[in-house]
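The values are calculated or read from the model by the stated rules, or taken from the named source; none is laboratory data. Keep in mind it's a predicted model, so treat the numbers as computed, not measured. Note: areas computed on protein heavy atoms with side chains; ligands, DNA, RNA excluded. Shrake-Rupley method; radii C 1.70, N 1.55, O 1.52, S 1.80 Å.
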Amino acid sequence: MIDDIKKHLEKVAQFEAATAEEVENFRISYLGRKGILNDFFTAFREVPKDQKKQYGQQVNALKQAAEEKWNEQKEKLAASEETAGVYGDLSRPGEPYHVGSRHPISLVTNKIIDIFSRIGFNVSEGPEIEDDWHNFTALNLPEYHPARDMQDTFFVQKDPDVLLRTHTSSVQVRYMENNKPPIRTISPGRVYRNEAISARSHCFFHQVEGLYVDKGVSFADLKQTLQFFTTEMFGKSKIRLRPSYFPFTEPSAEVDVYWGLETETDYKMTKGTGWLEIMGCGMVDPNVLKNCNIDPEEYSGFAFGMGIDRIALLLHQIPDIRMLSENDVRFLDQFKNAF
Ligand code: PHE
């Protein structure tokens, strides 16, 4: 009998529970009403007198050990449940952290801003809903001027004075009205034109326009600045300026960059010429300076403007401009590693 108790003492000492159920089973088998201890207590009557003392001590020792063990295991389990609530299962593999991606329009805009900021241009912004003065009249496009038809305008309600800006040149007017030369600023933003939507054009798109006004600014400065830009932006330094017309610049030019004819895409994009048209530019018309309270006798300036969307299509090989505004995450996710 005594040996039996000793065996149980050892068992109790070694007991470790992994679950609450095991703890409960332990309690039932030792401390329960029909448990092992109860059997030992019942057997007390049959123990020979001379052994009663020792037997009693041993049973009491077993009872104490079982109770202590039970309490200890209960506490241990409760503690581990608490940490599980806070940290979950610490051995579980990590969950991937979803990182967003920048929109290709933002990628291209940021790159352009970065390039021009290195040569002293700041960034200016203005409203997308404009008035006639800032979008047209101040830019040397008075009412009934035929060149207004160059850009099909969306008007807001029936008021011809409230419209969606057709270019960010309106921001340049605002900037000149509020700042004195020297002015070096680029104006990125969304613009709207009532054009048929297709793979190549949309009724809203994005532009970055640039403006430099100071004493003695020349056409040579313009060309040099644009060449710096195309070299940094595309790694292409060969450009040409074709005479063109814009009401707000005189002289005006269209800027082509020599893209090359190395691949089939080059052929397609440049229609077999190797040259790609990327922006319009020119010397700011003296009338525009005057409209913005800048003396054209003292100051001159150049301006340029380009569409971001087509550049984004070009640089990221996107086949359709509409993909830029469809918000399809399968498309957008592909720009995770782009910058
Ligand atoms: N504002 C013109 C456009 O939207 C671009 C431009 C800007 C041309 C500045 C010349 C000078 O097409």
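Accessible area per residue (1.4 Å probe, heavy atoms of protein chains only) ranks W70, W259 as W70, W259, with the largest value leading.
For the options E326, E254, E46, a Gaussian network treatment of the chain with springs between C-alpha atoms closer than 10 Å singles out E46 as fluctuating the most. Only protein heavy atoms count here; on that basis, with a 1.4 Å probe, R200 has an accessible area of about 130 Å². Find the centroid of the Cα atoms in segment 258-302 and in segment 168-222, then give the distance between the two in whole Å. Each part's Cα centre sits 11 Å from the other's.
Mind checking which aspartates and glutamates have their Cα closer than 16 Å to the Cα of K69? Skip sequence neighbours fewer than 8 apart in that chain. Filter leaves E10, E16, E21, E22, E24. Averaging over all projection directions, the Cα-based convex hull of segment 9-71 occupies 4.3 nm² in the image plane.
How tilted is helix 104-117 with respect to the longest principal axis of the chain? Cα atoms for both, answer in degrees (0 to 90, nearest 10). Value to nearest ten degrees: 60.
With a threshold of 25 Å on the Cα-Cα distance, the over-threshold entries among K6/K49; K7/K53; K238/K336; K52/K74; K53/K76 are K238/K336; K52/K74; K53/K76. Counting only alpha carbon atoms, the long axis of helix 49-87 and the longest principal axis of the chain meet at about 10°. Ranked by solvent-accessible area (1.4 Å probe, protein heavy atoms only, all chains present), the residues S169, S198 order from largest to smallest as S198, S169. Only protein atoms count toward the accessible area here, which uses a 1.4 Å probe; on the chain, the carbon and sulfur part of that area reaches 50 percent. In the context of the full set of protein chains, residues of segment 104-335 present 49 Å² of accessible surface per residue (probe radius 1.4 Å, heavy atoms only).
Here's the list of lysines a cross-link from K236 could span, going by alpha-carbon distance under 19 Å and ignoring same-chain residues fewer than 8 apart: K111, K223, K268, K271. With Cα atoms as the point set, the chain shows a radius of gyration and Dmax of 40.7, 129 Å.
Under a 5 Å amide H cut-off, with hydrogens placed 1.01 Å from N, E130 pairs with L163, L164, R165 among residues at least 5 apart or on other chains. To the nearest ten degrees, helix 20-31 and the longest principal axis of the Cα atoms of the chain are 10 degrees apart.
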